[in-house]
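Trainee: Encoded as structure tokens, here's the structure I'll be asking about.
What follows is calculated from the coordinates using simple rules that are stated; it is not laboratory data. This structure is a prediction, so every number in the text was calculated from the model and none was measured. Positions of Cβ are backbone-derived with ideal geometry, glycine not excepted, and every protein chain shown enters the neighbour counts.
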Amino acid sequence: MYRLTADANTGAAAFPDLAGFDHLELWQTPDGPVLEVYHADNSRTRISITEDKLAQVKQQVDAYLARPQPVKLNQEGRGSFLLQQIPLALGVYGPAVLVITQPQDFRVGAALYLTTSSACFFVPMYALRNVEMTHAQAHLSVAYGYRGALSGLAISQILGLNDACGWAGVGLLTSIGGQFSGYALARDLTLGQATLVSTYNDFGIVDGLGVGAVIRVLSGGESEGRIVYAGGLAGEVAGTYWGKTRAREWVCTEGQVVVDRTAGILGMGVPMALYFAFTNFSPSANANMVWVSLLGIGGNIGGVYLAEQEMRHLPLATGNGYMVAGMTIGGALLGGGLGILTNKPRVMAVTAAAGGVAGFYGGIALAKSLQTDQTGHSSLNRSRFDVNYAALTGAVTNYACNRTISAPNLVTIRF
């Protein structure tokens, strides 16, 4: 009829006098109910019980099974979230409260600032004691707290608020709302998927600002900045929506998202650098503003698309993703440094762009060769086809200076 473990017997208080057993089995036999006690040494003891005792045990066990079981909360990201709340409080919440209250006494202001900042740590710590907080929820909640503050400034500009108190009030509300929205968005997401959402959000903001700038120029309202801010807000909403949609279909790692973000920034910068190098660029020209914005938007979207196609089926570790980002930055710095030797800004723009692209693809090649085996250790698999990206960068610089090209050991093929 029942099989009770020692814990279940204690919880139901079915046979409180019994102890030191492995489990109990309650049987209904032709001679009446029987309790069999199984011990750890595989021996057992049979005990006869009455029908009244059987009815009592059934009632107690049924009540025990009907009790709601405690739910184990996933709070692995709680500590990280609370720690990240401190810089958010020091940089956003504390200053916003000071601007709103405008205390006249310095000591009162300092005390209010520090008290507000500490409250942003201790209040969530108490409120989240029985609430789920995964690493993904911690990331998006804090990330959208910062982005909510920026959205508040944009909304203030659109509404025409001219006083700092109004800016601070709107920014404070949108930052708090952003934290709750980020927490809700991260439900059922991994940390990698959450970082993908915040990455798409950032790119949406930048591309939205670019679209707003193009519309402002084409509409002839050069002095009207509200269109640009509205474009940024619309891009933020679109980026969040597209990021959440993309995250549902791609179980990505943090390393893949780092590569994604790096490719988006690189794709944005390269066409803008080339436009500066090969045209009569003037910051005051409206046509240049339009082309720079369109090239940046197109390059950003194209870079993200190509990176995801390249890395979609290669779940990179976070460290390998940052290695790709580091090689991209290092390549751009190297190319820019070599370009400076020509004393020509346009040449420097080309060499920096070439170095960034070479560093990115060099990082991708190195990341692909670093495979993690079943024991969790990384091993280096030598590729049969290698490209000497440093030689390629040097060849571009040499051509810019002397109109001659030399790239020794550019390609190596192993048999």
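Trainee: Please give the calculated 222 nm ellipticity per residue for the chain, where each DSSP H segment of at least 4 residues contributes -39500 (n - 2.57) and the sum is spread over every residue; nearest 500 deg cm²/dmol?
Mentor: -23000 deg cm²/dmol
Trainee: What dipole magnitude, in Debye to the nearest 20, does the range 1-157 give about its Cα centre under +1 on Lys/Arg Cβ and -1 on Asp/Glu Cβ?
Mentor: 780 debye
Trainee: Further, regarding this structure: How far, in nm, would the chain grow between Thr245 and Glu51 when pulled straight, counting 0.36 nm per residue and subtracting the alpha carbon separation?
Mentor: 63.8 nm
Trainee: Using modelled amide H (1.01 Å from N, peptide plane; none on Pro or chain starts), what sits under 5 Å from the amide H of Tyr2, excluding residues fewer than 5 places away?
Mentor: Amide H neighbours of Tyr2: Leu26.
Trainee: Oh, and also: Take each complete run of DSSP H in the chain, measure how far its Cα atoms stretch along the helix's own axis, and keep only those covering 24 Å or more with mean Kyte-Doolittle hydropathy at least 0.5; list them.
Mentor: Membrane-span-like by this rule: 106-127, 135-159, 164-185, 191-219, 254-278, 286-311, 318-340, 345-369.
Trainee: Further question: Going by how many other Cβ atoms sit within 10 Å of their own, how do Thr240, Thr50 line up, fewest first?
Mentor: The fewest-first ordering by Cβ neighbours comes to Thr50, Thr240.
Trainee: In addition: When the chain is fully extended, how far beyond the present Cα-Cα distance does Ile86 get from Gln59, taking 0.36 nm per residue of separation?
Mentor: In short, 4.5 nm is gained.
Trainee: Still on this model: Along its principal axes, what span do the Cα atoms of the chain show, with the longest given first and each in whole Å?
Mentor: 105, 75, 41
Trainee: Pick from Phe106, Phe15, Phe121: which is most flexible by mean-square fluctuation in a GNM of the chain where alpha carbon atoms under 10 Å apart are linked?
Mentor: Maximum fluctuation in the GNM of the chain, among the listed residues, is at Phe15.
Trainee: What distance in nm separates the simple spin-label points at Ala287 and Ile158, each placed 7 Å from Cα in the Cβ direction?
Mentor: Each label point lies 7 Å from its Cα, and together they span 3.3 nm.
Trainee: Let me know the charge dipole size of the range 2-66 about its Cα centre in debye, to the nearest 20, where only the beta-carbon of Lys, Arg (+1) and Asp, Glu (-1) is charged.
Mentor: 40 debye
Trainee: Another one. For the residues Tyr183, Tyr305, what sequence is obtained by ranking on other C-beta atoms within 10 Å, fewest first?
Mentor: Tyr305, Tyr183
Trainee: Still on this structure, please answer the following. Take Val197, Val290, Val108, Val304 and order them by how many other Cβ atoms sit within 10 Å, fewest up front.
Mentor: By the 10 Å Cβ count, ascending: Val108, Val290, Val304, Val197.
Trainee: Please report, to one decimal in angstroms, the Kirkwood hydrodynamic radius of the range 44-184 built from all distinct Cα-Cα pairs.
Mentor: It is 18.3 Å.
Trainee: What is the range 2-66 by shape, rounded, prolate or oblate, if you read a ≥ b ≥ c off the alpha carbon gyration tensor as root eigenvalues and call it rounded for a/c under 1.5, prolate for a/b larger than b/c, and oblate otherwise?
Mentor: oblate
Trainee: I need to check one value: relative contact order of the chain, counting alpha carbon pairs closer than 8 Å and at least 6 residues apart, in percent.
Mentor: The normalised contact order for the chain reaches 9 percent.
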